[in-house]
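To keep things clear, I will list the structure first and then write my remarks on it.
Laboratory data are not the source of any read-out in this text; all were calculated from the coordinates shown. Fair warning: this is a prediction, and the values are worked out from it, not measured in the lab. As a convention, Cβ positions derive from the backbone with ideal geometry for all residues, glycine included, and neighbour counts pool all protein chains shown.
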Amino acid sequence: METKPLISVRDLVQKIGRQEILRGFSIDMYKGETLVLLGKSGGGESVFLRHLIGLMKPISGQILFEGQDVAKLNERELEPVRRKIGMLFQDGALFDSMTVYDNVAFPLRERGERNEKVIKTKVHDALDMVNMDGHEKKMPVNLSGGMRKRTALARAIISPPQVILYDEPTAGLDPIVSD
């Protein structure tokens, strides 16, 4: 394991309204490490993950990704950081107006990939990894909860990222799919 953290969070503070969500939270995360953040519902786990990818800015504290303070970056500066992080949101956050195929292809297209053969191969491989092969033409509304999560996971890993953040990855799934 490396001696320098890939992600280092120092004294993170966040409030929503009058409620203090994060109170001086600190943690170091290293390349190749698997960490689980457990807490009661509403305990701030999702809020913490949103800070890591710059969707929320802290009241105070530092979030260093490869030594760069994510909390101080604007949207344009965040793009290279976000390319290195895959995020599986709690509800999947699929685009309802796009097919499974287009949802999974979205990060590739967003980052400038124009070769449809490359996109097709990568989408197929990602969907195969999560047992969603054959469902490319379905719309999110026609998927079960587990299928939505697996589609979102395929989208999160297609790039492939250096870091994958999972927000309640097994919530609402049966034990077999969770495994």
Which residue fluctuates the most in the chain, going by a Gaussian network model with Cα springs under 10 Å, if the choices are LEU153, LEU38, LEU78? LEU38
Which one of ILE157, VAL13, THR34 is farthest out on the positive end of the charge dipole of the chain, using unit charges on Cβ (Lys, Arg +1; Asp, Glu -1) and the Cα centre as origin? VAL13
Average projection area in nm² (convex hull over Cα atoms of segment 29-69, one quarter of hull surface): 3.5
Considering only GLN19, GLN68, GLN90, give the residue with the highest GNM mean-square fluctuation for the chain, with springs between Cα atoms whenever their separation is below 10 Å. GLN19
Let me check I have the definition right: for the chain, take the eigenvalues of the Cα gyration tensor, multiply each by 5, take square roots. What are those semi-axes in whole Å, largest first? 29, 19, 15
Straight-line reach from LYS4: which aspartates and glutamates have a Cα under 19 Å away, not including same-chain ones fewer than 8 places off? ASP28, GLU33, GLU66, ASP69
Can you pull out the chymotrypsin sites (Phe, Trp or Tyr not before Pro) in segment 1-107 that DSSP calls coil and that have at most 13 other Cβ atoms within 10 Å? PHE95
With only Lys, Arg, Asp and Glu charged, each at its Cβ (+1 for the first two, -1 for the last two), find how big the charge dipole of the chain is about the Cα centre; round to the nearest 20 debye. 400
Rel. contact order, % - alpha carbon contacts under 8 angstrom, at least six apart, the chain: 22
If one builds a Gaussian network model of the chain from Cα atoms under 10 Å apart, the most fluctuating residue listed among ILE16, ILE85, ILE27 is ILE16
